[in-house]
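Read the structure below first, then the notes.
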Amino acid sequence: LAPYFRANGIYPLFVTWKPGFGESISGMLGDAVGKCFKPSEQFPARGWDDVKHRLKEAMDRSVEVACENLLVKPVWMQMKQNAAAAADPGAGLTLLAAHLAELRKRTPALELHLIGHSAGSILHGHLPDRLVRAKIPVQTISLYAPACTVGFALDHYASAVERAVVTKERLFFDILSDERERADTVGPYGKSLLYLVSRALEDVHKMPLLGMEAVWNPAVEVQDQWNSQRVQDVGRWRAFMGDMGTVRVHGKDRARVFDGVDFIPLAHGSFDNDVKVIGATLERI
């Protein structure tokens, strides 16, 4: 991506995660769950749609339960802890904020734009805590399929607005439709990474995550979508944002008109390969 940002007059700084969580979890689930579950071909294809759906849901729930007893959940929680620790004194985000403050002294017209994909929303949620101390405003924050909890977003992104680090109108979100989330997969798991995080890897089952369409759109919210302990976070976030004016929901019906180009399916990991999403972000900046 770096050459495209440079060609548009934007100097890119990348904060790198190692290892990539999406790749790691797919391998871990494939190895562990594959030993316990094997797909069955006993049922004929016709007349069994409801049965197959129920089997799929049961399989997914089994994977969710298994994740709590495998190494997957500890890896997710450790990654979140590492993101928070990066804002400690002397750690990466703190050093980055200090360098940006020095750069802004030399270049008063400097503009700062944050872009985070998936768990990048967690890292960028901690960065404004340091930027407010360095008195550096943020022009835009663009989040693709953010994997942070809604409670985290209230504590950090809503707080950044309240502290005048960024304005609410300059928070932008690109998310998958709920239909696409349910059509996505993570290894043997038959839904997206956000569904797996929400239902198996967070502190409570059915944790509302910022990148899930049902957080924003009551029309796709189903009964018992969220944990009763955290459902109030969804209401607070909707009240804070007011509407979906800066949210773009990407579904299967999105037009793709380029000729002679191979396309990958819309999925949790597709945003940084998406010409329309990246192009719109560049134009915005």
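The values are calculated or read from the model by the stated rules, or taken from the named source; none is laboratory data. In this text, all values refer to a predicted model and were calculated from it rather than measured experimentally. Cβ sites come from the backbone with ideal geometry, for glycine too, and all protein chains shown count toward neighbours. Side chains included, ligands, DNA and RNA excluded: accessible areas come from the protein's heavy atoms. Shrake-Rupley method; radii C 1.70, N 1.55, O 1.52, S 1.80 Å.
Quick notes
- Residue within region 203-221 that is farther than 15 Å from S118 by Cβ, in a strand (DSSP E or B) and under 18 Å from the mean Cα position of the chain (by Cα) present: no
- When region 207-222 is filtered for residues that are in contact (Cβ under 8 Å) with a residue 24 or more places away in the chain and open to solvent by 10 Å² or more (accessible area, probe 1.4 Å), the ones remaining, listed by number, are E213, W216, N217, V220.
- Per-region count, region 143-169, residues in contact with a Leu (Cβ under 7 Å, 6 or more places away or on another chain) and of a type in the set (S, T, Y): 2
- Restricting the search to helices (runs of 4 or more DSSP H) fully inside region 99-199 and requiring at least 2 residues that are over 19 Å from W216 (Cβ atoms) and open to solvent by 10 Å² or more (accessible area, probe 1.4 Å) gives 120-134, 159-162.
- Candidate set: region 253-285, residues that are in contact with a helix residue (DSSP H, G or I) (Cβ under 6 Å, 6 or more places away or on another chain) and in a loop (DSSP other than H, G, I, E, B); chosen: the one modelled with the highest pLDDT: L266
- Number of positions in region 90-145 that are β-branched (V, I, T) and over 28 Å from L209 (Cα atoms): 1
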